[in-house]
Each structure stands twice: as C-alpha cells, then as structure tokens.
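Reviewing the structure listed below.
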C-alpha cells in the first residue's frame, strides 16, 4: 500500500481528570513536520507547537505556551507530550 506524501492527523483525546488534549500533526513522506498539542484543564492551558514565530526562544521554532507565557521546548511528538502531562502534578 502506498501512503500519500502529505498526511494529517487531527484528534481530540479526553484524559483522566477532565483534561482535554487537541492533537494536530502533519507528516510529509512519513516525517512529522508540523505539530500542535493543546491541553486544557480548567483555566490552565498548555500548548506545544512548532509554528515558526517566537524567534527569541532558543529552541525556535519549537516552543511551549503556558497560559500567556512562552517558553523553550524541544521537538515534541504526542508520546512526549503525554509523558510531560503525566509528570505535571495535578494533571
């Protein structure tokens, strides 16, 4: 079976503790080239993405939003995001 050169994954995961994770990934020739993982729990919002803005961040284009704060983040995938969510106390 031949896969298309450009694939997208869009999903919503309802996690324990009333958290919701929106997942958006784009692949080109099997490689993850663009992502956004948006976690919501109550009034806490965390988003990891590689949209090419925030050039001031040393990990550009990879970065993390925690509510209104922008911070460094490595190149993420959904497994890494789930590990980070698990490590966050109360999430």
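Among the residues of the range 57-91, those identified as in a loop (DSSP other than H, G, I, E, B), over 11 Å from the mean Cα position of the chain (by Cα) and either surrounded by 10 or more Cβ atoms within 10 Å (Cβ to Cβ) or modelled with pLDDT of 95 or more (or both) are 57, 58, 59, 60, 61, 88, 91.
Return the residues of the range 15-35 that are part of a strand (DSSP E or B), modelled with pLDDT under 95 and farther than 19 Å from residue 52 by Cα; say none if nothing qualifies. Across the range 15-35, the qualifying residues are 15, 19. What number of residues within the range 41-50 are on the phi > 0 side of the Ramachandran plot and either assigned to a helix (DSSP H, G or I) or surrounded by 16 or more Cβ atoms within 10 Å (Cβ to Cβ) (or both)? The total comes to 0.
Comparison of 38, 53 shows that the only residue that is in a strand (DSSP E or B) and either surrounded by 15 or more Cβ atoms within 10 Å (Cβ to Cβ) or out of contact with any strand residue (DSSP E or B) (no Cβ under 7 Å at 6 or more places or on another chain) (or both) is 38.
Scanning for something under 19 Å from residue 84 (Cα atoms) and either at pLDDT 95 or above or in a strand (DSSP E or B) (or both), does the range 1-10 turn up at least one residue? No: the range 1-10 contains no residue that is under 19 Å from residue 84 (Cα atoms) and either at pLDDT 95 or above or in a strand (DSSP E or B) (or both).
Contact map, the range 38-50: first residue over 11 Å from residue 65 (Cα atoms), second residue modelled with pLDDT under 95 and part of a loop (DSSP other than H, G, I, E, B), Cβ cut-off under 7 Å, separation 6 or more or different chains; pairs are 41/91.
The values are calculated or read from the model by the stated rules, or taken from the named source; none is laboratory data. Quick caveat, the model's predicted, so the values are computed rather than measured. Please note: Cβ atoms are built from the backbone with ideal geometry, for glycine as well, and neighbour counts cover all protein chains shown.
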